[in-house]
Amino acid sequence: MDAELPSTRPYLIRAMHEWCTDGGFTPDIVVAVDEHVQVPREYVRDGQIVLNVGYEATGGLVLGNDEIRFKARFGGVAREVVVPVDHVIAIYARENGQGMAFPAPEPSAAEDDREPPVPPGSKRPALKRIK
């Protein structure tokens, strides 16, 4: 077989999304965030973000084979979200925690040498001598 088989991840994400929706649950995804992910950075914690991908919380939701796209409001501000499918590390029902986990993407060589990003509006910690 010469052609590489497509990843099962996008199919499993769509199946779990459908299962959550049919059961009346809220489908949440956990995303490993790096420079390839378009999400509001101020909501990223420890290099990850949890996103509600239910139809009620998103506009124009597309669960594609390569990426997940939608519009959502964060703090009342409409934002465009684009997540490469290989950056989704879990999808689960918020109400009961049932779902699936996937391996995290391999960090690129450029990411290994970088310092972690500093969230906007925050400063690097600094020690201050008090006498």
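Please treat every number below as a calculation from the coordinates, not as lab data. None of the values given here were measured: they were computed from a predicted structure. In this analysis, Cβ positions are derived from the backbone assuming ideal geometry, glycine residues included, and neighbour counts consider all displayed protein chains.
Figure the gain on full extension for residue 95 and residue 73 (residue separation times 0.36 nm, minus the Cα-Cα span) and round it to one decimal in nm. Intermediate results must be reported in sequence, preceding the final value.
Numbers: separation 22, 0.36 × 22 = 7.92 nm, distance 2.10 nm.
Gain in length upon complete extension: 5.8 nm.
So how do 4, 35 line up by other beta-carbon neighbours within 10 Å, fewest first?
In increasing order of surrounding Cβ atoms, one gets 4, 35.
Sort 78-90, 6-18 by the packing proxy (mean of other Cβ within 10 Å over each peptide's residues), most packed first.
Values: 78-90: 17.8, 6-18: 15.6.
Output ranking for 78-90, 6-18: 78-90, 6-18.
If you scale each eigenvalue of the Cα gyration tensor by 5 and take the root, what three semi-axes come out for segment 9-113, rounded to whole angstrom and sorted largest first? Before the final figure, lay out each step's value.
Values: eigenvalues 91, 55, 30 Å².
They are 21, 17, 12 Å, listed largest first.
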